[in-house]
Amino acid sequence: MSTTIQPGLTALSLLGIPGWFACLFAQVGPANPGLLSRRYQEGERLIYRMTGLNEGWRYEIRATGVVKRESGGEYVEQYTWSDLHSNGSPFALPPASLEFRQVLSLDAGKPPVIPKLAVLHPMLIGPVTDLLTFYADLWLANRLGKLAAVGDHLYHQHGTPASWADGNRVVLGESSVDFDFALEDIDPSSKVATLVVRHVPPKQPRVRLPAVWMHQQVADTPNNWVNVVREAGKYVAAVGKETFDVTMKVSLADGKILSGTMENHVIARERDCLDAPLTNCGDPRPREILRHITVSLDR
């Protein structure tokens, strides 16, 4: 029996983000304002509509935001979430989720942070962390400040594993990625740029692979994703390749994200094991995770 992931609870988007955000900010150095930099107006309102296909679960949801300025001068966008439709039917979020305020920012002085997810309904965690990923990718592109013309390309080595293990059910969960940025297009008439950000396996991923069989390459790159779950008296262990492909349309007038798509793909091999060292295991079976996320700004 394979592991199941509840709607919205994808491993990397749920708990992997805090680790790579913290390490990432420490690596990039001072801000370099560039072509895609955000220019804020206090009080501006934004509405994003998000759709997702997450391992067979389809959803639609709305994020409504307002631009505020903090005491230190940094600008933030504060969002509420509403109008969730799950597999085509309206779903009433509980009060704690409706009262939740997600703070995002493209201000160079305001690094991405993971919100407190414990108060959220599980169906809201995926949308919240996915919108954060769009913002974090653009924030990093702006922070590096090296994309100015069509065809400009930047490879940012990162590799530090992000962990989503909780020490209880998920005993090991890690993914290791680098960032591959490209300024794919600029439309002078509409003043819109197309940014592509690929989260790709490093040449030498640094995820922990405790069992010998996990070192066998599953796809066309070294394994950069591992997940071990304690379930019903056994361990369900999987290893393989994970990638994210993010494409965004960004306004050159003010740096807002106008629309975006995210393709998250995991190709893995999974086994049921009877022991914690993962040596007494059954036959391997293929495991594939596919997620497709879109976001668009109401204009």
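The values are calculated or read from the model by the stated rules, or taken from the named source; none is laboratory data. If you're wondering where the values come from, they're calculated on a predicted model, not measured in any experiment. Cβ: placed from backbone, ideal geometry, glycine included. Neighbour counts: every protein chain shown.
Only residues that are crowded, with 21+ Cβ neighbours inside 10 Å and touching a residue at least 60 places away in the same chain (Cβ under 8 Å) were counted across region 112-122, and they come to 1. Go through the residues of region 145-161 one by one and say whether even a single one is outside any loop (DSSP other than H, G, I, E, B) and touching a Ser or Thr at 6+ places or on another chain (Cβ under 7 Å). No: region 145-161 contains no residue that is outside any loop (DSSP other than H, G, I, E, B) and touching a Ser or Thr at 6+ places or on another chain (Cβ under 7 Å). From the list Gly173, Gly167, the lone residue that is within 23 Å of the chain's Cα centre (by Cα), in a loop (DSSP other than H, G, I, E, B) and at pLDDT below 95 is Gly167. Looking across region 260-299, the residues that are of a type in the set (Ser, Thr, Tyr) and under 30 Å from Asp245 (Cβ atoms) come down to Thr261, Thr294, Ser296.
Residue count for region 139-155, restricted to those that are in contact (Cβ under 8 Å) with a residue 60 or more places away in the chain and either out of contact with any strand residue (DSSP E or B) (no Cβ under 9 Å at 6 or more places or on another chain) or under 15 Å from Asp178 (Cα atoms) (or both): 6. Of the residues making up region 123-155, those that are surrounded by fewer than 18 Cβ atoms within 10 Å (Cβ to Cβ) and either more than 19 Å from Ser37 (Cβ to Cβ) or at pLDDT 90 or above (or both) are Ala148, Ala149, Val150, Gly151, Asp152, His153, Leu154, Tyr155. Considering the conditions (1) touching a Pro at 6+ places or on another chain (Cβ under 7 Å); (2) among the hydrophobic types (A, V, I, L, M, F, W, C); (3) within 26 Å of Gln204 (Cα to Cα), Trp164 is excluded by exactly one of them, (1).
Within region 277-297, is there a residue that is under 30 Å from Glu184 (Cα atoms) and over 18 Å from the mean Cα position of the chain (by Cα)? Give the steps one after another, and end with the answer.
Within region 277-297, the first condition is being under 30 Å from Glu184 (Cα atoms), and the residues that meet it are 288-297.
If we keep only those that are over 18 Å from the mean Cα position of the chain (by Cα) too, we end up with 297.
There is at least one residue in region 277-297 that is under 30 Å from Glu184 (Cα atoms) and over 18 Å from the mean Cα position of the chain (by Cα).
Residues in region 222-240 that are more than 13 Å from Ala165 (Cβ to Cβ) and out of contact with any Lys or Arg (no Cβ under 9 Å at 6 or more places or on another chain): Ala232, Gly233, Lys234. The residue of region 99-111 that is nearest to Thr294 (Cα to Cα), among those that are without any contact (Cβ under 8 Å) to a residue 40 or more places away in the chain and exposed (fewer than 14 other Cβ atoms within 10 Å of the Cβ), is Arg101.
One line per residue, one yes/no per condition, for (1) without any contact (Cβ under 8 Å) to a residue 60 or more places away in the chain; (2) farther than 26 Å from Lys234 by Cα; (3) of a type outside the set (Gly, Ala, Ser); (4) loosely packed, with under 13 Cβ neighbours inside 10 Å:
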{"position": "Leu252", "(1), (2), (3), (4)": "no, yes, yes, no"}
{"position": "Ile289", "(1), (2), (3), (4)": "no, no, yes, no"}
{"position": "His292", "(1), (2), (3), (4)": "no, yes, yes, no"}
{"position": "Ser296", "(1), (2), (3), (4)": "no, yes, no, no"}
{"position": "Arg299", "(1), (2), (3), (4)": "yes, yes, yes, yes"}
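Any residue at all in region 95-114 that is within 20 Å of Ser259 (Cα to Cα), modelled with pLDDT of 95 or more, among the basic types (Lys, Arg) and touching a strand residue (DSSP E or B) at 6+ places or on another chain (Cβ under 6 Å)? Scanning region 95-114, I find no residue that is within 20 Å of Ser259 (Cα to Cα), modelled with pLDDT of 95 or more, among the basic types (Lys, Arg) and touching a strand residue (DSSP E or B) at 6+ places or on another chain (Cβ under 6 Å), so the answer is no.
Surrounded by 17 or more Cβ atoms within 10 Å (Cβ to Cβ), in contact (Cβ under 8 Å) with a residue 40 or more places away in the chain and closer than 30 Å to Leu258 by Cβ: is that true of Leu172 in this structure? Give the steps one after another, and end with the answer.
Numbers: surrounded by 17 or more Cβ atoms within 10 Å (Cβ to Cβ): yes; in contact (Cβ under 8 Å) with a residue 40 or more places away in the chain: yes; closer than 30 Å to Leu258 by Cβ: no.
Judged against the criteria, Leu172 is not a match.
Just to be sure, is Leu195 buried (at least 18 other Cβ atoms within 10 Å of the Cβ), aliphatic (A, V, I, L, M) and more than 30 Å from Cys281 (Cα to Cα)? Yes.
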